[in-house]
Amino acid sequence: MADTSNGPALVSMAQQFTGLPMGSLIGGPLMAAAKANQQMALTQVDFLMKTCFTQASNTSGGKTDAKVYQPTMIEMQLTRGVITPGAKAGDPAVIQNINSTIKLPLLTILPLNSLAVDNVNVNFVMQVNSSYSEDHSDTSSESTHAEGSFDAKIGGFLWSVEVKGSVSHDSSSSTTNSTHYQKSNSATYTVDVHAGQLPLPPGVGVIIQAYTNNITPIEMPAQEKAA
Amino acid sequence: MNTVTIQCPHCHQGSIALEPRLLLQGAIFTCSLCGSGLSVANETSTQLLEQSLDKLEQIKQHAHAKPLM
Ligand SMILES: [Zn+2]
């Protein structure tokens, strides 16, 4: 087993998390959400004031007062059944549809909802991987091969001498040495933001309710028929 | 569906649930109590309502599409 006591020190986990801008990481998205909410609220107020109201100057006694916002009205047709008794006793009652034109504030029939960031998830996952490994291997091999051979022959009368010899030697040596060091860091930062619809602010609800409660049919003058 | 409920202009007791987009197509919505029907009276009002609904829809879509950061 490799001796890591003398190798590079492992990364200190505490040190890795020290100095992280946690305030910015968590507070940043929340501040951005609040800013987005403010922008959406302003956009909606702008829509309400420009679309659902018309601006008029209230001039009295030669002095121009503050601007007056009057609700934009749209004309609606109200159809209701009226039971008319028969002309004579015993005649069946007649149901007549009476149409009248009424004016409704546009504000009351628009599907208004407060748009706002209703959910912010800040997922901060920081993963610090620190690892040290050392692989050290020595491979040494040596082989020696020796071989010898001798053959001698001695003869007489007609002399014959024969000498044979053979010597062989092989030797090989190899060494392998490898060292491996590895360190890695990774961080993941995820922010989920969802904008949804919230109930209308009570103030706007009160205005709409006041208008709604005062919807009363106004009989419009009969249109002159073309001759 | 973006249903809007208003008080009945005739009986003041019942309520009329409106679908503004269907109003543009000439739909008549009736009171739950007296049966009075409500529809858009004329072309001018239809156009005004349509423009307002389109504008509101744009605001809503823009709010959803806007990047936060
Ligand atoms: Zn009614």
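Looking at B:E43, B:E50, which one is more than 11 Å from the ligand (Cβ to nearest atom), over 14 Å from the mean Cα position of the chain (by Cα) and either farther than 18 Å from A:I102 by Cβ or of a type in the set (D, E) (or both)?
Values: B:E50 fails: over 14 Å from the mean Cα position of the chain (by Cα).
Exactly one residue qualifies, and that residue is B:E43.
Condition check ((1) outside any helix (DSSP H, G or I); (2) more than 7 Å from chain A (Cβ to nearest Cβ); (3) at pLDDT below 90; (4) in contact with a helix residue (DSSP H, G or I) (Cβ under 7 Å, 6 or more places away or on another chain)) across all residues:
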residue	(1), (2), (3), (4)
B:P9	yes, no, yes, no
B:L22	no, yes, no, no
B:T44	no, yes, no, no
B:L49	no, no, no, yes
B:K55	no, no, no, yes
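Can you name the residue in segment B:26-40 that is more than 8 Å from chain A (Cβ to nearest Cβ) and over 11 Å from the mean Cα position of the chain (by Cα) and is also farthest from the ligand (Cβ to nearest atom) among such residues? Lay out the reasoning, then the answer.
Applying the first criterion (more than 8 Å from chain A (Cβ to nearest Cβ)) to segment B:26-40 yields B:26-27, B:29-33.
Applying the additional criterion that residues be over 11 Å from the mean Cα position of the chain (by Cα) yields B:26, B:30-33.
Values: B:G26: 21, B:T30: 8, B:C31: 3, B:S32: 7, B:L33: 5 Å.
Step by step, filter segment B:26-40, then rank; the result is B:G26.
Taking the criterion of being crowded, with 20+ Cβ neighbours inside 10 Å and within 16 Å of the ligand (Cβ to nearest atom), the residues of segment B:1-25 that qualify are B:I6, B:C8, B:P9, B:H10, B:I16, B:L18.
Answer with yes or no whether A:N58 is closer than 30 Å to A:A32 by Cβ and either loosely packed, with under 11 Cβ neighbours inside 10 Å or modelled with pLDDT under 85 (or both). No: the conditions fail for A:N58. Of the residues making up segment B:24-40, those that are touching a strand residue (DSSP E or B) at 6+ places or on another chain (Cβ under 9 Å) and assigned to a loop (DSSP other than H, G, I, E, B) are B:G26, B:A27, B:I28, B:C31, B:S32, B:L33, B:C34, B:G35, B:S36.
The values are calculated or read from the model by the stated rules, or taken from the named source; none is laboratory data. Please read these numbers as outputs of a predicted model, since none were measured by experiment. All Cβ positions, glycine included, derive from the backbone under ideal geometry; neighbour counts span all protein chains shown.
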